[in-house]
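Data block below; observations after.
The values are calculated or read from the model by the stated rules, or taken from the named source; none is laboratory data. Note that the coordinates shown come from a computational prediction; the quantities given were computed from them, not determined experimentally. Counting neighbours? That spans all protein chains shown, and the Cβs are built from the backbone with ideal geometry, glycine included. Please note that ligands, DNA and RNA were not included when accessible areas were found on the heavy atoms of the full protein model with its side chains. Shrake-Rupley method; radii C 1.70, N 1.55, O 1.52, S 1.80 Å.
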Amino acid sequence: MGRADEEDKAALSPGGDDAADLSPDDSPWSDSAWSEDDDDEEASLSFEDSGEGSGSDADSDGLEEEDDAAAEESDSSEDEVAPRNTVGDVPLKWYKDEEHIGYDISGRKIKKRDREGKIDSFLSSKDNDDDWLKIWDDYNAEEVKITKEEAKIISRMMKGKTPHANVDPYPDYVDWFEYADKGHPLSNAPEPKRRFVPSKWEQKKVVKLVRAIRKGWIKFDKPKDEPNYYLLWGDDTDTADNKRQGLSYIPAPKPNLPGHEESYNPSVEYIPTQEEIDNYQLMYEEDRPKFIPRRFESLRSVPAYEKALREGFDRCLDLYLCPRTRKKRINIDPELLKPKLPSKKDLRPYPRTCYLEFKGHGGPVTSLSVEATGQWIASGSSDGTIRVWEVETGRCLKVFNVGADVHHISWNPSPERPILAAIVGRDLLLLNAEVGDEETQVRTKQLLHVEEPTPEDDGDKKPAVRWVKNDKFDGITLIHHRAASTVEWHSKGDYFTTVVPTGESRAVLLHQLSKKHSHHPFRKLPGLPVAAVFHPTQKMFFVATKKFVQVYDLQKAEVVKKLESGLREISSISIHPGGDNVIVGSKDGKLCWFDTDLSTRPYKMLKNHSKDITSVTFHRRYPLFASSSEDCTAHVFHGMVYADLNQNPLIVPLEILRGHLSSDRRGVLDCKFHPRQPWLFTAGADSMIRLYCD
């Protein structure tokens with residue numbers, strides 16, 4: 001038996017026979033020799049020999065083969081299992097007094113696991129022979145069992161050796177050049193004598209120069225004595241050259257010196273998060289930061305600054321054209337001028353995450369409407385169907401195949417009248433949603449009964465709208481002279497309005513369901529109408545054209561106010577439940593808030609979408625309003641209107657809801673709030689309806 005085998009046997013612990021688990025290159029283990037003491041006893045790492053068997057030449061050969069196989073294994077980071085904890089670079093001591101330790105990949109808290117006591121741990125270690133292979137992972141709060149191959153690697157690394165035994169740390173040097181019989185590497189010619197003897201001509205030239213300097217023929221200018229001190233933050237206002245120009249001299253403003261943010265490898269606190277970058281898009285362009293710090297590994301990987309030429313030109317242009325005058329500086333902290341907005345946690349509840357998806361339409365969902373009790377919703381699509389859904393389960397109750405594109409849909413706000421008004425093709429369709437008890441169904445069928453039209457005596461005047469019975473759905477079809485675009489109900493559920501986007505006097509029509517009567521009271525409009533809505537409580541009527549919003553008094557039949565939006569083209573309008581505030585969405589991505597008691601011009605203008613705004617809506621109970629756009633997003637805002645007229649409304653952006661996919665360059669086509677809960681329904685061009693909850 002060799003000397004190495006004897007040393008291995010002598011190094012094993014008294015009760016251990018697991019010599020075959022160690023490679024011959026490993027040094028012996030003892031009961032307490034291999035331990036790593038730490039301040040925290042729970043984090044200590046200890047290994048004890050508790051194996052069986054004895055070492056032999058055959059076993060050592062087998063171990064060498066195992067080491068070779070382990071060395072050939074890939075040590076790529078892609079093969080490693082991702083940690084369960086996603087806490088990041090946060091120190092673990094921050095979670096010392098908390099009940100959890102970090103968060104998993106879904107954002108849920110990871111609860112701390114109860115560790116067994118030292119007495120129980122000691123007893124279990126005596127009963128389990130493999131307990132010496134277990135260590136506690138503080139990062140993921142779990143107990144990890146390492147393999148014996150990993151124990152070998154750790155043993156070698158703690159001794160300062162390479163992880164694998166078959167790696168040669170001192171390989172033989174490979175000489176890539178051959179010098180044998182090559183002679184001199186560059187040239188074998190002898191060095192010329194002129195390289196060792198000083199030049200005579202240079203010596204004569206130096207002598208002439210020295211003689212000329214001694215006789216004064218060559219004179220040197222004496223260096224001027226400059227002061228060794230200067231003002232670090234001073235400017236050129238007090239210099240002698242500038243004082244000659246008079247007291248009116250004003251130096252050009254100097255640009256700010258670059259700081260830590262302009263570094264190619266700034267600290268972590270200077271790098272904005274993705275949430276902060278998204279908030280920059282909601283800011284005005286003049287308030288948006290000009291430079292966003294980024295981190296690069298080296299200076300070579302820093303790309304060229306794309307705005308360098310433009311900023312240099314603007315700087316020169318400002319210095320050349322901008323007149324400078326003396327102004328008294330007011331020392332005001334800019335942070336004090338910013339409005340103090342409340343925290344988002346204090347403004348809850350508001351929709352934040354997608355809770356439910358309604359699937360079933362075969363085309364883009366163009367419009368949706370929520371029933372007054374919030375139990376059902378109705379949706380219209382370009383696939384020619386109208387569907388009624390149950391909100392809590394997402395189950396489709398009814399499907400009405402109308403056979404044409406559904407442009408707009410609106411549910412009667414009265415709970416006793418489950419009637420749907422939908423713009424199908426060119427005309428308006430009133431149909432029974434078939435929800436509710438039997439008495440409600442009987443009243444609804446009686447209300448939707450219409451008699452056959454009788455020929456009028458005066459045949460020259462044609463009615464604005466013809467009420468025709470629809471036998472297919474037991475409803476009513478309102479035939480317009482031209483294609484209608486939108487329909488909206490009055491809060492009491494008897495009156496409703498339709499908009500025909502033409503320049504004629506019959507562009508905005510009012511209808512009464514109980515009397516089956518229609519009329520057009522608005523003779524002149526300042527432009528093509530886009531939408532029309534009723535006032536929630538008063539006898540007022542709002543008509544939105546492409547540029548303006550006109551407010552009519554229905555009782556006096558006159559224009560009360562004319563709101564100037566200043567937008568390119570208005571696309572949607574919504575009235576606050578109080579009736580004194582109006583929001584308007586436009587096709588250039590801007591949203592205007594009007595306070596009708598304050599002014600006819602917008603109180604606030606928000607540029608929050610990059611594409612056309614398709615719909616805006618207020619919540620009936622909560623201080624919330626939302627907007628949807630073709631950029632596949634819906635923005636939720638906090639809009640608090642105070643009873644005190646001296647206090648302006650508070651507008652705070654809350655959340656950006658994403659999830660819809662773009663189809664034919666179209667995104668979210670409509671959005672509506674739940675009448676009782678802080679929930680938001682969105683309809684997208686991807687034939688999906690999403691429900692967002694808190």
Query - Checking G503 against (1) at pLDDT 90 or above; (2) open to solvent by 50 Å² or more (accessible area, probe 1.4 Å), the condition it does not meet - result: (1)
Query raised in the report: Where residues in the stretch 82-107 are among the hydrophobic types (A, V, I, L, M, F, W, C) and open to solvent by 100 Å² or more (accessible area, probe 1.4 Å), which of them is modelled with the highest pLDDT?
Result: W94
Query raised in the report: Looking only at the stretch 94-148, which residues are under 28 Å from the mean Cα position of the chain (by Cα) and in a helix (DSSP H, G or I)?
Result: W94, Y95
Report summary line: Of (1) over 24 Å from F541 (Cβ atoms); (2) at pLDDT 85 or above; (3) open to solvent by less than 30 Å² (accessible area, probe 1.4 Å), V450 fails just (2)
Query raised in the report: Among the residues of the stretch 375-417 satisfying the criterion of being among the basic types (K, R) and surrounded by 15 or more Cβ atoms within 10 Å (Cβ to Cβ), which is farthest from G363 (Cα to Cα)?
Result: R417
Report task. Restrict the check to the stretch 180-194 and report whether at least one residue is at pLDDT 85 or above, open to solvent by less than 80 Å² (accessible area, probe 1.4 Å), part of a loop (DSSP other than H, G, I, E, B) and farther than 30 Å from A151 by Cα. Result -> no
Report task. Within the stretch 576-588, work out how many residues are touching a residue at least 40 places away in the same chain (Cβ under 8 Å) and surrounded by fewer than 21 Cβ atoms within 10 Å (Cβ to Cβ). Result -> 4
Query raised in the report: Given the conditions (1) closer than 30 Å to V167 by Cα; (2) at pLDDT 80 or above; (3) of a type outside the set (D, E, K, R); (4) surrounded by 13 or more Cβ atoms within 10 Å (Cβ to Cβ), which single one is not true for I110?
Result: (1)
**Report entry** All positions within the stretch 619-654 that are part of a loop (DSSP other than H, G, I, E, B) and closer than 16 Å to Y692 by Cα
**Finding:** H619, Y622, C632
Query raised in the report: Does K345 satisfy the criteria of being modelled with pLDDT under 85 and open to solvent by 100 Å² or more (accessible area, probe 1.4 Å)?
Result: no
Query - So K561, is it of a type in the set (D, E, K, R), surrounded by fewer than 20 Cβ atoms within 10 Å (Cβ to Cβ), out of contact with any helix residue (DSSP H, G or I) (no Cβ under 8 Å at 6 or more places or on another chain) and under 26 Å from D670 (Cβ atoms) - result: no
Query raised in the report: Among the residues of the stretch 342-350, is there at least one that is more than 30 Å from N412 (Cα to Cα) and assigned to a loop (DSSP other than H, G, I, E, B)?
Result: yes
Report task. Could you check how many residues of the stretch 418-434 are buried (at least 19 other Cβ atoms within 10 Å of the Cβ) and out of contact with any Ser or Thr (no Cβ under 9 Å at 6 or more places or on another chain)? Result -> 1
Query raised in the report: Does Q647 qualify as being at pLDDT 90 or above and either surrounded by fewer than 22 Cβ atoms within 10 Å (Cβ to Cβ) or polar (S, T, N, Q) (or both)?
Result: no
Query raised in the report: Mind checking whether some residue in the stretch 655-668 is more than 27 Å from D287 (Cα to Cα), touching a residue at least 12 places away in the same chain (Cβ under 8 Å), open to solvent by less than 10 Å² (accessible area, probe 1.4 Å) and not in a loop (DSSP other than H, G, I, E, B)?
Result: yes
Query raised in the report: Would you pick out the residues in the stretch 267-322 that are part of a loop (DSSP other than H, G, I, E, B), within 30 Å of G589 (Cβ to Cβ) and open to solvent by 100 Å² or more (accessible area, probe 1.4 Å)?
Result: Y284, E285, E286, K290, R294, E306
Report summary line: Taking the stretch 611-635 and keeping only residues that are in contact with a Phe, Trp or Tyr (Cβ under 9 Å, 6 or more places away or on another chain) and over 23 Å from T373 (Cβ atoms), one is left with V616, S627, A634
Report summary line: Among the residues of the stretch 589-618, the number that are open to solvent by 20 Å² or more (accessible area, probe 1.4 Å), of a type in the set (S, T, N, Q) and in a strand (DSSP E or B) is 1
Report task. Kindly check whether there is at least one residue in the stretch 472-484 that is among the acidic types (D, E) and more than 28 Å from T537 (Cα to Cα). Result -> yes
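Conditions (1) within 18 Å of the chain's Cα centre (by Cα); (2) more than 19 Å from D595 (Cα to Cα), marked per residue:
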| position | (1), (2) |
| --- | --- |
| P623 | no, no |
| A626 | yes, no |
| S629 | yes, yes |
| L645 | no, no |
| L650 | no, no |
| D670 | no, yes |
| M688 | no, yes |
Query raised in the report: Among the listed residues K152, K161, which satisfies the condition of being touching a residue at least 40 places away in the same chain (Cβ under 8 Å), open to solvent by less than 40 Å² (accessible area, probe 1.4 Å) and not acidic (D, E)?
Result: K152
